[in-house]
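Notes follow the structure.
All of the numbers you see were taken from the coordinates with simple rules; none came from a lab. The shown structure was predicted, so the numbers you read here are calculated from the model rather than taken from an experiment. Methodologically, a virtual Cβ is constructed for each residue, glycine included, from the backbone with ideal geometry; neighbour enumeration extends over all protein chains shown.
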Amino acid sequence: MSRENVEIVKRAFAAFERSDFDAILRMCDEDIVIRQPPELPGAPETQHGHAGVLEAFELWPQQWDDYGIEILYLRDVGDHVVAHTRQWGTGKGSGIKLELPITFVCTIRNGKAVEWRFFLREDEALEALELRE
């Protein structure tokens, strides 16, 4: 268990909220892999490296007006941190208000994120970590 890993993820979310992408990149390994679910609109399933991090952060919020994200809880699981979040916004062009639960699994090694995985369902995230009850 690593409180440091949880703090890294908290700091990354806080940096995202203030659009401090340089701070986020300092928390990411240069070879980080980002995996998103195929049903997530407008996003590639896999992105790599710091360029991939910037692309991911650029794509998702650009699809929304009034975009926001809130961490509901963080759970430390060895080298992984599970971040269950609530995200909301109004679709650009459609005007449809939407609220989504998104669960992130961040793998941390040597103080840096080496992988981020996004899940639309929390049970899928836990199953990926073999923690489903």
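Just want to confirm a number: the relative contact order over region 3-122, from Cα pairs under 8 angstrom separated by 6+ residues, in percent.
Details: 227 pairs, mean separation 30.2, N = 120.
The normalised contact order for region 3-122 reaches 25 percent.
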In nm, the gap between the two label points placed 7 Å beyond Cα toward Cβ at ILE71 and GLU122 is 1.6 nm
In whole percent, the Cα-Cα distances of region 3-122 spread across 10 Å bins from 0 upward as 14, 47, 34, 5, 0
Candidates GLU70, GLU115, GLU39; GNM for the chain (alpha-carbon contacts under 10 Å) flags as most fluctuating GLU39
Note: GLU7 to GLN87 extended length (0.36 nm per residue) minus current alpha-carbon separation gives 26.8 nm
Partner aspartates and glutamates whose C-alpha sits under 19 Å from that of LYS10, ignoring same-chain residues fewer than 8 away, are ASP20, ASP22, ASP29, GLU70, ASP76, ASP79, GLU115, GLU122
Length gained, VAL114-GLU130, 0.36 nm per residue minus C-alpha separation, equals 3.8 nm
Taking N as the number of residues in region 9-69, the ratio of its alpha carbon radius of gyration to 2.2 N^0.38 Å works out to 1.10
Of the residues GLY68, LEU54, ALA83, the Cα lying farthest along the dipole of the chain towards its positive end, which is defined by charges on the beta carbon of Lys, Arg, Asp and Glu, belongs to GLY68
Taking a label point 7 Å from the Cα of ASP20 along Cα-to-Cβ, the residues of region 26-63 whose backbone nitrogen sits under 14 Å from it are 26-28
Taking the chain and counting helices only, DSSP H stretches of n ≥ 4 at -39,500 (n - 2.57) each over all residues, the nearest-500 ellipticity at 222 nm comes to -9500 deg cm²/dmol
